[in-house]
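To keep things clear, I will list the structure first and then write my remarks on it.
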Amino acid sequence: MARMRIAVTGAAHWHLDLFLPTLQEEADVVAVHDADPVAAQRIADGLGVRAHTDVAALLEAARPDFVLALGPHDEMAATARTLIGNDVPFAMEKPCGLNPQEVHDIADRARDAGVFAAVPFVWRQSELLAVMRERFADADPSYLSFRWIAGPPTRYPASGCGWMLDPARSGGGCTVNLGVHFIDLARVLFGDDVWVSSATMSNAAYGLPIEDYSLVTLRSGGRVFVGEVGYLMPAQHSDFDLHFSIKARDHYVIASSPTDVEIVAPDGSREHVKAHTTNVDHYPVFVRDALRRVREGEPPLASLTDMAAVMDLTRDAYALAGPLPVRPPAQEVSA
C-alpha cells in the first residue's frame with residue numbers, strides 16, 4: 001500500500017512537534033502551510049517540502065490524502081471549511097474555532113459532506129483511562145478531580161504563538177486551551193447529560209486579557225467532575241504540575257506523577273501501575289489511530305461534533321465565571 005501524503009496547515013503552532021515524528025514514520029509529509037510566510041518557509045525548509053501561505057493553493061498543488069490542521073484559533077474554522085469543501089480528511093487541533101457557533105457550523109458541514117474530521121482529545125486514548133476501564137465501568141466514578149497546571153503564558157510568544165495571549169484570536173486562556181480536555185473526558189465518562197455547575201477564572205498571576213487560572217465543576221446527576229487548569233508553573237511546554245483523583249465504587253485512584261497511577265483498594269492496600277498520565281505521550285497514539293481510521297473508512301474516535309458539544313459547555317463556563325478584571329500586568333510578558 002502506498003504511503004499517505006500528508007500536509008500540515010498552521011504549522012507554526014507549538015504542538016507541531018507532538019505530531020510530526022509519528023506523521024513522518026507513518027506517511028510522507030509533502031507540504032506545509034502557515035499564514036506567516038517566514039514561518040512557513042522555515043518549517044518547509046526543515047522538512048524539504050514546499051511552503052504555502054494559502055490553504056486552497058496547498059491542496060491544489062500537493063493533493064494530500066490527509067491534513068493535520070493547526071494554527072491560530074481564529075483561522076481554524078475557515079481552514080476547516082476549505083478542507084471540507086475539497087473533500088480532504090483531516091485532524092484539527094482543539095478548539096477548532098473561536099466559539100460554539102463556528103465549531104457547530106464546521107461540524108455540520110463535515111457530517112453532511114461525509115468528511116473525516118478528527119479532534120485530538122487524547123485523554124480518550126490515554127493509559128490513565130485504560131487503567132480505569134480495566135477495573136471499572138464508565139458509570140462507576142462518582143467524583144473526579146483533575147488538576148493540570150502548565151507553564152506560564154510567556155512560553156507562547158517564545159514559541160512564535162503570541163496570538164494565544166489575545167482573546168480575539170485565541171478565544172480565551174487556559175480554559176479553552178487546556179480545560180477542554182477535561183470537559184470532553186467528563187462527557188466520555190458521564191454521557192451527554194453534563195452541565196456546568198460552577199466556574200471561577202482569574203488573570204491575577206499575569207494580568208493579561210486571558211485567564212491564567214480556571215476551576216470548572218461539571219455535574220451529571222449526583223456525579224461531579226472538577227477540572228482545574230492554569231498557566232502558573234515556571235516551566236516550558238510539556239512540563240506540568242498534575243494531580244488527578246477519582247472515586248470509583250469503593251476504590252480511590254490517584255495520579256500525581258507523569259508515569260504512575262495508584263489504586264487504593266477498600267482494605268487500604270495500594271497498587272501502583274505504570275501509566276502515562278499527561279497528554280504528551282498520547283499524540284503518537286492519536287496519529288496512528290486517525291490514519292488507520294482514514295485508510296479503513298472508520299469514523300474518528302472524537303469528531304468535530306464532540307468538539308462542538310465541548311465548546312457549548314466551555315461557553316457556559318466562561319459565562320458563569322464572568323469577565324476578568326482589568327489590571328496592569330503583574331509580570332512583564334514580551335511579545
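Computed from the coordinates by the stated procedures, all read-outs in this text should not be read as laboratory data. Every value quoted in this text rests on a predicted model; they were computed, and no experiment measured them. Reconstructed Cβ throughout: ideal geometry from the backbone, glycine too, with neighbour counts over all protein chains shown.
A few remarks follow.
- Label sites at residue 145 and residue 197, each approximated as a point 7 angstrom past Cα along Cα to Cβ, lie 1.4 nm apart.
- Annotation: extensible slack from residue 38 through residue 319 equals 97.4 nm (criterion: 0.36 nm per residue apart, minus Cα-Cα distance).
- Leading residue at positive end of dipole, the stretch 1-159 (Cβ point charges), from 59, 11, 123: 123
- Using the Cβ-Cβ distance between residue 262 and residue 24 with R0 set to 25 Å, the FRET efficiency from 1/(1 + (r/R0)^6) comes to roughly 0.10.
- Computed 3J(HN,Hα) for the stretch 110-126, one whole-Hz value per residue from the Karplus formula 6.51 cos²θ - 1.76 cosθ + 1.60 where θ = phi - 60°, is 5, 4, 5, 8, x, 8, 5, 9, 9, 10, x, 7, 6, 5, 5, 10, 7, glycine and proline marked x.
- Counting 0.36 nm for each residue step from residue 204 to residue 243 and taking away their Cα separation leaves a gain of 11.8 nm.
- In the chain, the DSSP beta bridges split such that about 60 percent are antiparallel, to the nearest 5.
- Each helix, a run of at least 4 DSSP H residues, gives -39500 (n - 2.57); summed and divided by the residues of the chain, these come to -10500 deg cm²/dmol at 222 nm.
- Label-point gap, in nm, between residue 112 and residue 60 - each point 7 angstrom along Cα→Cβ: 2.5 nm
- Karplus-derived HN-Hα couplings along the stretch 10-21 (A = 6.51, B = -1.76, C = 1.60, θ = phi - 60°), whole Hz, x at Gly and Pro: x, 5, 6, 4, 5, 7, 3, 5, 6, 9, 4, x
- Intensity falloff of the chain expressed as log10 I(q)/I(0), Debye formula with alpha-carbon point scatterers, at q = 0.13, 0.14, 0.16 Å⁻¹: -1.00, -1.16, -1.46
- Charged-residue dipole, Cβ positions (Lys, Arg, Asp, Glu), the stretch 76-125 about Cα centre, Debye nearest 20: 140 debye
- Kirkwood-based shape ratio for the stretch 226-271, expressed as Rg/Rh from alpha carbons: 1.08
- In order along the stretch 148-164, phi translates into HN-Hα couplings of 9, 10, 9, x, x, x, 4, 5, 6, x, 5, 9, x, 10, x, 4, 4 Hz, rounded to whole numbers, per the Karplus curve 6.51 cos²θ - 1.76 cosθ + 1.60 with θ = phi - 60° and x for Gly and Pro.
- Ascending count of other beta-carbon atoms within 10 Å, so fewest first, for 38, 216: 38, 216
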